[in-house]
Amino acid sequence: MTAPVLEKPTAPGRPAEPPAPRAETPAAGPAVTPARRRFLQGAWAVSLLAALVLGFVGYLFTLSHVQERHFQSAAFKTFRDQLARAVAPTGAAADGDPVALIDIPAIGLHQAVVVEGTTGRDLMRGPGHRRDTALPGQGGVAVVFGRGATFGAPFAELPKLRVGDKIEATTGQGTFTYTVNVYGDGDHPITDPARDRLVLVTGDSDWIPGSTVMVGARLEGDPEQNPGGRPRTVPYDKALAADKGALATLQLWSLGLLGAVLGALLLARYWRTSAAYLSLAPVVGALLWAVYENAAALLPNLY
């Protein structure tokens, strides 16, 4: 015989409480298959790679200009002080040191600091003097390279120069004026019988240059003495050369960046996520800048 079910007594005049609803177990979501997991991992990897590439493009066409202007400002103060104390270099100089100022009013270039050397790293600082040639104003041929698209693009408008335009250069030996008189390119180098002249060189494209644009100008008046004794060029000094020595440095900075990102992810597991990311963001940003700078050195030096 089944025992009767006893109901909970209720207070007089109070209706009985309805039975509590039974809790429902939430339905489990669809399982992530191995194929879907691989797809998601691949999508994240592609998105990260795209972000890095877009960041590099942004660095080349925006931040690199800021970097070049910062160096130009500091180098101008240094060179102006050297000129005032009559100690500006007139012979061989160290890589990256300021050696001249150049003005080309026809293309809007004013008081640009010319540094010694024409490697990709030298030209990140501004126009570069090819180390085996005379300085502007000295007897002989002076050659100056300049980028056409990145790092301030000082020679971007160089092809717009016309015969008769003036170029003014200032060095430790004085101020000198040149007059544009001839043009050339990678397939047709400049030929000019004049002994004392200036040759300006840049890339032939604001994308990835495949050849060069050259503008020749003759010195007006008598040249200053050329002390000679200049060093030989290195392979990275040539037009459109890439600084392959930056590859090893790029790898080291990339490893440092990867370590910082992994460190941020690990720190976020034991600390507040926002605090972990904010604390390591400056480190990651500095490492990313170093990675981009070394990657830029692998591009043609006139780019």
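General remarks:
- Unique match (being of a type outside the set (S, T, N, Q) and either free of Cβ contacts under 8 Å to residues at least 12 places away in the same chain or in contact with a Phe, Trp or Tyr (Cβ under 6 Å, 6 or more places away or on another chain) (or both)) among 256, 285: 285
- Look at (1) closer than 29 Å to residue 171 by Cα; (2) within 21 Å of the chain's Cα centre (by Cα); (3) at pLDDT below 95 and you find that residue 302 fails only one, number (3).
- Taking the criterion of being assigned to a loop (DSSP other than H, G, I, E, B) and either farther than 26 Å from residue 92 by Cα or at pLDDT below 95 (or both), the residues of the range 155-189 that qualify are 156, 157, 161, 162, 163, 164, 165, 186, 187, 188, 189.
- Strands (runs of 3 or more DSSP E) within the range 53-146 that include 1 or more residues farther than 23 Å from residue 300 by Cβ and touching a helix residue (DSSP H, G or I) at 6+ places or on another chain (Cβ under 6 Å): 98-104
Let's see how each residue does on (1) buried (at least 17 other Cβ atoms within 10 Å of the Cβ); (2) of a type in the set (Asp, Glu):
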{"residue": "76", "(1), (2)": "no, no"}
{"residue": "81", "(1), (2)": "no, yes"}
{"residue": "86", "(1), (2)": "no, no"}
{"residue": "109", "(1), (2)": "yes, no"}
{"residue": "112", "(1), (2)": "yes, no"}
{"residue": "119", "(1), (2)": "yes, no"}
{"residue": "128", "(1), (2)": "yes, no"}
{"residue": "141", "(1), (2)": "yes, no"}
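- Filter result for the condition that a residue is part of a loop (DSSP other than H, G, I, E, B) and either on the phi < 0 side of the Ramachandran plot or surrounded by fewer than 17 Cβ atoms within 10 Å (Cβ to Cβ) (or both), over 263, 256, 229, 216: 229
- Checked against (1) within 16 Å of residue 120 (Cα to Cα); (2) outside any strand (DSSP E or B), residue 201 passes all but a single condition, namely (2).
- If you filter the range 289-299 down to residues that are of a type outside the set (A, V, I, L, M, F, W, C) and out of contact with any Gly (no Cβ under 9 Å at 6 or more places or on another chain), you find that the one that is surrounded by the fewest Cβ atoms within 10 Å (Cβ to Cβ) is 293.
- Filtered by the rule that a residue be closer than 18 Å to residue 122 by Cα, without any contact (Cβ under 8 Å) to a residue 12 or more places away in the chain and β-branched (Val, Ile, Thr), the range 42-97 gives a lone residue, 66.
- Among the residues of the range 204-214, just one is farther than 21 Å from residue 107 by Cβ and either in contact (Cβ under 8 Å) with a residue 60 or more places away in the chain or not assigned by TED's automatic domain parsing to the domain that holds residue 114 (or both), namely 208.
- Residues within the range 266-283 that are within 30 Å of residue 124 (Cβ to Cβ) and surrounded by 16 or more Cβ atoms within 10 Å (Cβ to Cβ), tallied: 2
- Hits in the range 47-74 (condition: exposed (fewer than 12 other Cβ atoms within 10 Å of the Cβ) and small (Gly, Ala, Ser)): 47, 50, 51, 73
- If the condition is being surrounded by fewer than 17 Cβ atoms within 10 Å (Cβ to Cβ) and either among the hydroxyl-bearing types (Ser, Thr, Tyr) or free of Cβ contacts under 8 Å to residues at least 40 places away in the same chain (or both), then the range 191-203 contributes 191, 192, 193, 194.
- Only listed residue being over 23 Å from residue 158 (Cβ atoms) and crowded, with 16+ Cβ neighbours inside 10 Å, chosen from 286, 239, 246: 246
- In the range 260-291, the residues that are farther than 24 Å from residue 63 by Cα and either small (Gly, Ala, Ser) or in contact with a Pro (Cβ under 8 Å, 6 or more places away or on another chain) (or both): 263, 264, 268, 274, 275, 276
The values are calculated or read from the model by the stated rules, or taken from the named source; none is laboratory data. As the structure is a prediction and not an experimental result, all values here were calculated from the model. No Cβ is skipped: glycine too gets one built from the backbone with ideal geometry, and neighbour counts run over all protein chains shown.
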